[in-house]
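Since the structure comes first, as structure tokens, the remarks are kept for the end.
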Amino acid sequence: FPPAKAQNFQNQLQGEITGIGAQVEILDEQLIIVSPLPGSPAEKAGLQPGDIILSADGKILKGLTIDEAVSFVRGPKGSTVKLRIKRNGAEFDTSVQRDSIKTLEIQTSMQSNVAVIKLLQFGAVAEDEFRTKIAAIVAQKPKGIILDLRNNPGGYLEAAGTVTSAFLPEDSVYVSIDSNGETKKELTEFPQIVPTEIPMIILINKGSASASEIVTGALQDAGRAKALGEKTFGKGTVQQIWTFDDGSSLKMTIAEWLTPKGRKIDGVGLEPDILLPATQGRDDQLLRAVDLLR
């Protein structure tokens with residue numbers, strides 16, 4: 001990344017984004033939306049996980065690197081970009097007004113004495129504040145806990161470890177990293193907060209990716225939680241970032257991560273223990289999870 005792009009990337013992980021407010025990936029040389037951020041211009045425009053962005057203001061994006069493609073989607077606050085979208089085989093145009101988005105990473109609520117924790121990404125906020133928030137929830141003595149990772153595109157590996165540590169004993173394996181034929185197991189570094197006897201369900205969908213899949217896989221493998229919803233996105237690669245004195249940085253894929261029991265994530269995704277497709281209107285996935293736990 002040149003300095004400006006490097007700063008934009010870091011701002012994103014810090015919860016500050018300028019653009020349409022969507023996490024994206026390149027698959028089969030096409031720019032695909034992993035998830036629109038809540039309250040973002042992308043969400044307001046009706047963009048959905050799995051949508052393919054074919055072009056931006058007439059510029060064909062297929063075959064470009066992710067940075068090149070994103071550079072045509074982003075732009076100054078208040079400007080408008082015309083996107084050509086492909087969804088379920090059909091193509092259509094939509095215009096999205098760019099904006100600055102401040103991401104609220106953690107949202108909590110109580111439903112029928114069941115705690116609901118919605119995690120929007122695994123950024124700096126999640127790493128710094130998640131354990132404090134979950135301790136406050138445990139103090140309310142909930143009957144169960146729902147960890148909502150739907151449309152969570154991931155973020156820092158360390159944040160995934162911090163989140164997992166709240167639910168598993170210290171020094172539990174939460175991910176296996178395969179690099180150059182060698183496998184390294186990453187362990188949780190903090191004491192468990194949520195007692196094991198409090199039942200737990202994770203909500204997932206096709207917008208749950210990367211660190212979301214690490215946490216889901218770890219808690220599934222440990223038998224700590226059931227996953228409810230739809231199959232996850234399937235992003236299981238590790239990137240490392242080097243920052244240089246001039247402000248530029250290098251992000252490089254260095255490894256693949258697997259669940260603690262060695263299940264492959266990349267290009268495969270994780271299957272829910274309880275399959276329940278999303279419906280229009282009311283949130284049947286959340287309602288079913290609450291019903292199972294209360």
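If you filter the range 199-218 down to residues that are out of contact with any strand residue (DSSP E or B) (no Cβ under 6 Å at 6 or more places or on another chain) and over 25 Å from ASN8 (Cα atoms), you find that the one that is most open to solvent (accessible area, probe 1.4 Å) is LYS206.
Screening ILE134 against (1) more than 23 Å from VAL238 (Cα to Cα); (2) in a loop (DSSP other than H, G, I, E, B); (3) hydrophobic (A, V, I, L, M, F, W, C); (4) at pLDDT 95 or above leaves a single unmet condition, (2).
If we scan the range 256-266, do we find a residue that is exposed (fewer than 14 other Cβ atoms within 10 Å of the Cβ), over 20 Å from LEU203 (Cα atoms) and either free of Cβ contacts under 8 Å to residues at least 40 places away in the same chain or among the charged types (D, E, K, R) (or both)? Break it down into steps so the answer makes sense when it comes.
Here is the first cut: in the range 256-266, the residues exposed (fewer than 14 other Cβ atoms within 10 Å of the Cβ) are 261-262.
Adding the requirement that they be over 20 Å from LEU203 (Cα atoms) leaves 261-262.
Next cut, either free of Cβ contacts under 8 Å to residues at least 40 places away in the same chain or among the charged types (D, E, K, R) (or both) only: 261.
There is at least one residue in the range 256-266 that is exposed (fewer than 14 other Cβ atoms within 10 Å of the Cβ), over 20 Å from LEU203 (Cα atoms) and either free of Cβ contacts under 8 Å to residues at least 40 places away in the same chain or among the charged types (D, E, K, R) (or both).
Give the residues of the range 1-24 that are modelled with pLDDT under 85 and farther than 15 Å from GLY247 by Cβ, sorted by residue number. Across the range 1-24, the qualifying residues are GLN12, LEU13, GLN14, GLY15, GLU16, ILE17, THR18, GLN23. Inside the range 30-59, residues that are open to solvent by 20 Å² or more (accessible area, probe 1.4 Å), at pLDDT 95 or above and of a type in the set (Asp, Glu) make up a count of 1.
Within the bounds of the range 176-184, is there any residue that is among the basic types (Lys, Arg) and either closer than 20 Å to GLN107 by Cα or under 20 Å from the mean Cα position of the chain (by Cα) (or both)? No; the residues of the range 176-184 include none that is among the basic types (Lys, Arg) and either closer than 20 Å to GLN107 by Cα or under 20 Å from the mean Cα position of the chain (by Cα) (or both).
Please count how many residues of the range 94-109 are over 28 Å from ARG84 (Cα atoms) and either at pLDDT 95 or above or touching a Lys or Arg at 6+ places or on another chain (Cβ under 7 Å) (or both). Talk me through it step by step, then tell me what you get.
From the range 94-109, those over 28 Å from ARG84 (Cα atoms) are 104-109; that's our starting set.
With the extra rule that they be either at pLDDT 95 or above or touching a Lys or Arg at 6+ places or on another chain (Cβ under 7 Å) (or both), the set shrinks to 106-108.
Count: 3.
Assessment of the range 137-150 against the conditions (within 28 Å of GLY75 (Cα to Cα) and open to solvent by less than 50 Å² (accessible area, probe 1.4 Å)) yields at least one matching residue. Scanning the range 155-179 for residues that are in contact (Cβ under 8 Å) with a residue 40 or more places away in the chain and in a loop (DSSP other than H, G, I, E, B), we see that the one that is most open to solvent (accessible area, probe 1.4 Å) is TYR156.
The values are calculated or read from the model by the stated rules, or taken from the named source; none is laboratory data. Computed from a predicted structure; not experimentally measured. Glycine also receives a Cβ, built like all others from the backbone with ideal geometry; neighbour counts cover every protein chain displayed. Heads up: the accessible areas ignore ligands, DNA and RNA and are worked out on the full protein's heavy atoms, side chains in. Shrake-Rupley method; radii C 1.70, N 1.55, O 1.52, S 1.80 Å.
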